[in-house]
Amino acid sequence: MAERLPPELWSHIFDLAADEGTIFYPGLQTSMAQSTWSKSPWGGWIVRTPQDTINLIQRRSYATKKSIIAACQTWRRLGTEFLVRCLFFDDPTKLRDLCNILDRDPSLGWWARRLHITHFLNGRGTRMDDFENPLITILQQCPNLEIFIVDWPMSSAFGFIADTLAMSCRNLQTVHWHVPSELLSKVIWALDALPNLVAVHLEFAAAIKESDTITLGSAQDVKLKLPNLQQLFLKAFCQDFIEQATGWSLPLLRSFSFHFGTNALDVPDVIAFLAQHGTILLFLDLNCIPTLDVRTILDLCPLLTTFCFNLDWKVLPVPNPDASPDHPEDEAMLPITLTNRPHDHLQHIGLHGLLYAFGVGYAAAYADSDPVRTMMVQRTNDRNFKALNKASFPKLERVRVLSPGVLQDLNDNDGPAESCFERWERWWEMCTKMRVRLEDCSGGVLGNLPQDQSEEEEYDSEEEGYEYVTDEEEQEQERKGSVSLAELRELLAECRRMSEEGEREQSTFQFFLTPPTF
């Protein structure tokens, strides 16, 4: 069978079997990416984050590729290049092994398109900087690298790694870097040297030095032009970066995400940034504790189709111009509105926060010690949720609760606390009347929790369900280094089925990016 089909067709089949379309998509995951349910080894259900899912896909892809090249000599010859297309590491010590392999056969580096180094255990004191030399050697032999993700902190190594990327990886489209705030100037110069970037994720760790002593030097006055950048994700201590990026040229920017973590002080001037770059945005995600001016932000971003914000924000009501100054109105009694005028394009709204909304998890314990604060936050949630109406958002289709932690707490508690069940019912009825879908972070209906097999049989087969994958099944699949030749001969039919399932499961919030113009 292997000899009867042309190599080009086998290449396409291997692509489908190894989920390469998902792995090599240039866009980065946003907060609207769907989580999934997984059965834990001890029998309970746990929420798997989108990041965990993409890591699992890469591991499965590698196992599939090993099975392909073990089938026969023809498939080994055709499939060897697939082994190095995606280089995924959760243990950076393996970088030295890859470096030795590429030294023996430098031609393999030509096929590498994605290099992903994820979090690894740090119990033995290993740091990313300890593997600077092997990583640089690998990058020098991967001229066609398109995606470079290192979601572990880099410090002194970053400058040399960035220089190598600029020199050797001119086709780079997607980067994910985690660097100290002191290296902002090097980040700016790295972006300047990589004009073909389409998607950028930057996480800035807290500065070791005092922020007032950090200088940008010659990078201070650089007015970057990133003509192909369409997605920008900034996380943690990114105040100085946003200040600099406000004056840059980002003509194709369509997606902007800002996650400030638990920081409550020195919030960046996001509104100034949006005043320069918000008019063409389609996706905006603002996740921070301090309240931002939602009405002004939506005015600055008229084309948004997806907007994510913190429902815990205390949004002030619009002042009543007819109110008497001698008898000021109680702000708590005035209705909340999130827009100055109806937003004609917004279809999807994501909600951060909501830890207190359903009386489960951490909030349930905290409510006993500070019930007044809990009540105030819940009241804010109710007022803000009521503002999600068709009068302000005439094209609204769905509202999604984004926190995996909230969903996990709901499952562990078997639903909202009794005192908060009325809130869930009220929100559900409100969305139902507007014909708006209320979802959790898995994309399922908020309140529909996973059921065990015996419980699932009680439900009608036509009801919407979840995709369940147990950890035991995952481990078994990863342990298999090969499969029988008879099974591999059915690969074409299996690939067609996988492709169809992938199309059905594709998120409606996936941000479609266009390739860079060279």
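Here, each number is a calculation from the coordinates, and none is a lab measurement. Because the structure is a prediction, the values reported are computed rather than measured. Note: ideal-geometry Cβ built from the backbone for every residue, glycine included; neighbour counts use all protein chains shown.
Descriptive notes on the structure:
- Karplus-derived 3J(HN,Hα) values for region 350-362, using 6.51 cos²θ - 1.76 cosθ + 1.60 with θ = phi - 60°, are x, 10, 7, x, 6, 5, 9, 5, 10, x, 10, x, 4 Hz; glycine and proline are entered as x.
- Rg/Rg_globular for region 21-166, with Rg_globular taken as 2.2 N^0.38 Å and Rg from C-alpha atoms: 1.14
- Hydrodynamic estimate: the Kirkwood radius of region 101-256 over Cα pairs, inserted into Stokes-Einstein at 4 °C and 1.567 mPa s, corresponds to D of 80 µm²/s.
- Pairwise label distance in nanometres, Asp293 with Ala272, each label 7 Å out on the Cα-Cβ vector: 1.3 nm
- Computed from the C-beta positions of Ser40 and Arg426, the FRET efficiency with R₀ = 45 Å rounds to 0.90.
- Point-to-point label distance, His12-Lys94, nm (Cα→Cβ direction, 7 Å offset): 3.1 nm
- Solvent-free Debye calculation, one equal scatterer per alpha-carbon of region 386-450: log10 I(q)/I(0) at 0.29 Å⁻¹ equals -1.33.
- Violating pairs (Cα-Cα greater than 27 angstrom) within the set Lys186/Lys314; Lys65/Lys94; Lys235/Lys314; Lys314/Lys390: Lys186/Lys314
- Contact order normalised by residue count of region 334-459, Cα under 8 Å, 6+ apart, percent: 32 percent
- Within region 138-242, the GluC sites (Glu not before Pro) that combine a DSSP coil assignment with at most 15 other C-beta atoms in a 10 angstrom radius are Glu210.
- Translational diffusion of region 66-110, µm² s⁻¹ [Kirkwood Rh, Cα pairs; Stokes-Einstein; 37 °C; 0.692 mPa s]: 284 µm²/s
- Trypsin sites (Lys or Arg not before Pro) restricted to region 361-422 and DSSP loop, no more than 14 other C-beta within 10 Å: Lys390, Lys395
- FRET E, pair Ala206, Ala365, Förster distance 25 Å, beta-carbon r, rounded to 0.05: 0.35
- Bridge type composition, region 231-286 - antiparallel percent by DSSP, nearest 5: 0 percent
- The label-point distance for Glu243 and Asn340, in a model that sets each label 7 Å from Cα toward Cβ, rounds to 2.7 nm.
- Cα-centre dipole for region 223-306 with unit charges at Cβ (Lys and Arg positive, Asp and Glu negative), debye to 20: 300 debye
- For region 351-365 versus region 176-252, the spacing of their alpha-carbon centroids is 34 Å.
- Loop-resident sites, region 417-450, for trypsin sites (Lys or Arg not before Pro), counting at most 14 other Cβ within 10 Å (DSSP): Arg435
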